[in-house]
Amino acid sequence: MKSGSIAIVGMGVTHQGRALGTLDVDLRRQALELALADAGLQRDAIDGYIHASHEREDLRYLGLSPNFSWPVQTGGATAPSSFIMAAGAILSGQAEMVACAYGMAPSSGGMPGFGGKTSFGSLSYGYPARVGMIGAASAHALHARWHMDHYGTTSRHLGAVAVQLRNHALHRTDAITYGQPITIEDHQASAMVVDPFRMLDCCRDTDGGAVFLLTSAERARSLPGIHPIYIHGAGTGHNIGNWHRRDVYSHHDDIAPAAARAFAQAGLTLDDIDTAQFYDPFTISIIMQLEHYGFCKPGQGGPFVADGGIALDGRIPANTGGGQISGFYAAGFTPIIEAMKQLRGQSGPTQVKDAEFALVSGHGLNGGVQNTWSHATLILGAQP
Amino acid sequence: MSIDTIAPLIKADPDAPFWEAWTSDQRFLLHRCGICGRHDWPATCCQTHGMSAMEWVDTPGAGVIDTFTIFHRAYIKELASEVPYTVAVVRLDEGPYFHTRLVGIAPDAVKSGMRVCIRTGAGDAFPLFVPE
Ligand SMILES: [Zn+2]
């Protein structure tokens, strides 16, 4: 897509927290109303709807009547992928104003189902559940162990990520760990869950909703009193290539083609990026993405973070809201929300000064026996 | 643990020949392209030659540990008596990955690069691996 041709004109984010006791569809409705207020629009402006999950009957309960309602489910890459689909709908003339909606309440309910070959979760091909490989942490742990064995990454490097994310979240009232500092010793003392991950290497489920309103940059210019953010580049990659090449665990997932396309569309390089917001369910996610996006050399992600590389005054301030591990888990919308706040100058105590371009990643649809299948990259900008 | 309760197999699945061979007489099959000789697991269509030459063939079931993880926590109550246990990624000698439980070795003695092979004669419902 042409750099800056699509604008995000509305963002609605509900309270994000543990066991809120609100239905997921109500979280989407609340987020929709916040997004409409943010953009100064009424419901009837929305003529496209994309639900980041399995759409069933949202439209009636949300009071919408668009031309289409699409379900998208590609795990943690769903959020950026929904923006790419929205851009496609707008640029192909199917809609003028598309709502991308998320709302989940996993911490108010049970664990997602498992066991069936097609059920959502870490339980597909390769029969992981038949050997007791259950939960997303173990799939990511396989990559972490590979990284430690080949590069000498240590548990303390993972701990450096956890402490840095907590330091970001510490002063952020929108983070679930607000006001709760941790030290590297706390990390080392936290219980081992699935080796090499300790409790403090893992994010926790939270409840919350988020809705974004996307339109053309041209239409955005006609809306008064809004604060639009622009999509400058987007890219996707699928881990099946690494699977066929039998080189899965040395990679995070298939970042290379996603990053190459996004940066080519934007006409930018890494040096232009002011802040990175990575999808980070586990500490290793930050380390490996820093390497595969090129912010540091292969194998150097651990020392890079330990040396302050993702701090506010570091080489690339990253996951400045505490990420998913210390901020909140709104699936792939966590990094998008923080990128939007940074580019709008709304990140408060962890605001990156004059942030103009933000890199956003999403990855997911847990491959069962590896961390993820799909990856998506967005480059967002404060100006068209 | 009854793995059939935790993760039941699906009849008429593309991988059914693998399970039939394993459960009937502990043969370890891989899906092989008869034209280029590439082996795969689970069932796969050759990207170059399509599905027509794909066949299930007997293999020894041996390889090296590519990476692994140790479960210190039981995610479901049926596994509570089994922790800590090791889940390993075996790079089979024929090429494909095979994900399995490693038995016959203490979790803290497991190292990437170790040679391992399937355990037979123990009545395992799933092919588990042991040090070679
Ligand atoms: Zn072939």
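Counting only residues that are modelled with pLDDT of 95 or more, open to solvent by 20 Å² or more (accessible area, probe 1.4 Å) and over 10 Å from the mean Cα position of the chain (by Cα), segment A:328-381 holds 11 of them. Looking at this structure, is A:GLY4 open to solvent by 50 Å² or more (accessible area, probe 1.4 Å), part of a loop (DSSP other than H, G, I, E, B) and touching a residue at least 60 places away in the same chain (Cβ under 8 Å)? Criteria not met by A:GLY4. Filtering segment B:109-126 to residues that are at pLDDT 95 or above and touching a helix residue (DSSP H, G or I) at 6+ places or on another chain (Cβ under 7 Å) leaves only B:SER112. Selection of segment A:264-294 for residues being of a type in the set (Ser, Thr, Tyr) and either in contact with an Asp or Glu (Cβ under 9 Å, 6 or more places away or on another chain) or in a helix (DSSP H, G or I) (or both) yields A:THR275, A:THR283, A:SER285, A:TYR293. Residues in segment B:26-42 that are touching a strand residue (DSSP E or B) at 6+ places or on another chain (Cβ under 8 Å), over 13 Å from B:PRO14 (Cα atoms) and within 16 Å of the ligand (Cβ to nearest atom): B:ARG32, B:CYS33, B:GLY34, B:ILE35, B:CYS36, B:ARG38, B:HIS39. Counting only strands (runs of 3 or more DSSP E) that sit wholly inside segment B:1-108, those with at least 3 residues that are away from every other protein chain (no Cβ under 13 Å) and either surrounded by fewer than 19 Cβ atoms within 10 Å (Cβ to Cβ) or modelled with pLDDT of 95 or more (or both) are B:28-33, B:54-59.
Determine the pairs where a residue that is within 14 Å of A:ASP201 (Cα to Cα) and at pLDDT below 90, located within segment A:127-147, has a partner that is open to solvent by 10 Å² or more (accessible area, probe 1.4 Å) and assigned to a helix (DSSP H, G or I) with Cβ atoms under 6 Å apart, the partner being 6 or more residues away or on another chain. Pairs that qualify, where the first residue is within 14 Å of A:ASP201 (Cα to Cα) and at pLDDT below 90 and the partner is open to solvent by 10 Å² or more (accessible area, probe 1.4 Å) and assigned to a helix (DSSP H, G or I): there are none. Evaluated against (1) surrounded by 17 or more Cβ atoms within 10 Å (Cβ to Cβ); (2) within 14 Å of chain A (Cβ to nearest Cβ), B:LYS111 falls short on exactly one condition, (1).
The values are calculated or read from the model by the stated rules, or taken from the named source; none is laboratory data. Because the structure is a prediction, the values reported are computed rather than measured. In this analysis, Cβ positions are derived from the backbone assuming ideal geometry, glycine residues included, and neighbour counts consider all displayed protein chains. Calculation scope for accessible area: heavy atoms of the full protein, side chains included, ligands and nucleic acids excluded. Shrake-Rupley method; radii C 1.70, N 1.55, O 1.52, S 1.80 Å.
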